[in-house]
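Encoded as structure tokens, the structure appears first; notes follow it.
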């Protein structure tokens with residue numbers, strides 16, 4: 001594969017004007033970051049979804065700033081080209097504008113290029129404060145996982161009027177892109193046509209300017225969890241289980257290690 005130049009915030013934003021689709025994946029560790037970066041992913045989102053896929057939580061709400069900073073630093077060390085965007089965890093930006101700037105700045109200090117904040121019009125003070133401090137912000141509207149209890153679960157959001165209003169408001173505030181999650185395809189198409197920054201869809205249909213998926217979902221790491229909007233590009237749960245079962249059998253049968261794996 002041809003060497004790709006590093007992705008920057010201005011380049012990411014400009015992709016829309018070039019009709020260049022953007023491929024984004026979540027990432028939480030150094031090893032995965034190296035593999036995804038080399039494969040050509042445009043941006044790595046260090047998502048608070050790690051609460052569920054790494055920690056085994058039911059929602060992302062328990063994830064802390066300390067944990068997000070730790071995982072972001074791991075991803076930074078494994079990345080040389082992809083744009084790194086760090087999720088702002090629950091209650092790290094909702095209290096005040098000053099709090100949002102202070103916490104967002106901590107992510108940039110350890111190597112992230114931008115942060116992602118959930119919420120539309122209601123989060124304008126936090127978004128605007130970060131942008132005034134020259135901290136690039138990716139917005140997130142539609143189904144916002146940190147609002148899971150308010151929404152009554154992880155449900156498709158169908159209030160087109162509010163979604164469009166949120167998109168317009170945060171674009172005017174200065175976000176360089178917007179994650180649009182869990183909305184009908186026709187609503188996503190309207191939002192994508194309406195705003196001038198890239199719309200990165202997840203469960204939002206094919207009209208978006210790019211797509212993002214949780215890495216563990218698209219690699220088939222959780223066979224008992226497959227949302228409608230996820231395409232599994234691999235079945236690593238079976239591959240890993242088979243490999244570990246073979247290892248266990250060979251150890252118990254005395255087949256491993258052999259002379260090839262032994263120092264003489």
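Determine, yes or no, whether residue 169 is touching a helix residue (DSSP H, G or I) at 6+ places or on another chain (Cβ under 7 Å) and assigned to a loop (DSSP other than H, G, I, E, B).
On the way: touching a helix residue (DSSP H, G or I) at 6+ places or on another chain (Cβ under 7 Å): yes; assigned to a loop (DSSP other than H, G, I, E, B): no.
So residue 169 does not fit the description; no.
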- [ ] May I ask you to verify whether residue 263 is more than 18 Å from residue 13 (Cα to Cα), touching a helix residue (DSSP H, G or I) at 6+ places or on another chain (Cβ under 9 Å), surrounded by fewer than 16 Cβ atoms within 10 Å (Cβ to Cβ) and not assigned by TED's automatic domain parsing to the domain that holds residue 135?
- [x] no
Task: the range 153-179 residues that are farther than 18 Å from residue 87 by Cα, paired with ones that are at pLDDT below 95 and crowded, with 17+ Cβ neighbours inside 10 Å (beta carbon under 7 Å, 6 or more apart) - done: none
TODO: Check the range 86-93 and report whether any residue there is at positive phi and either out of contact with any strand residue (DSSP E or B) (no Cβ under 6 Å at 6 or more places or on another chain) or part of a helix (DSSP H, G or I) (or both).
DONE: yes
Task: Pairs where the first residue, in the range 186-208, is at positive phi and the second is surrounded by 17 or more Cβ atoms within 10 Å (Cβ to Cβ) and assigned to a loop (DSSP other than H, G, I, E, B), C-beta under 8 Å, 6+ apart - done: 203/143; 203/182; 203/183; 205/184
Task: Some residue of the range 212-228 being within 21 Å of residue 9 (Cβ to Cβ) and surrounded by 12 or more Cβ atoms within 10 Å (Cβ to Cβ) - done: yes
TODO: Give the residues of the range 102-136 that are in a loop (DSSP other than H, G, I, E, B) and either out of contact with any strand residue (DSSP E or B) (no Cβ under 6 Å at 6 or more places or on another chain) or over 15 Å from residue 86 (Cα atoms) (or both), sorted by residue number.
DONE: 110, 111, 119, 120, 133, 134, 135
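The values are calculated or read from the model by the stated rules, or taken from the named source; none is laboratory data. Everything numeric in this text was worked out from a predicted model, so none of it was measured. Every residue, glycine among them, receives a Cβ derived from its backbone with ideal geometry; neighbour counts consider all protein chains shown.
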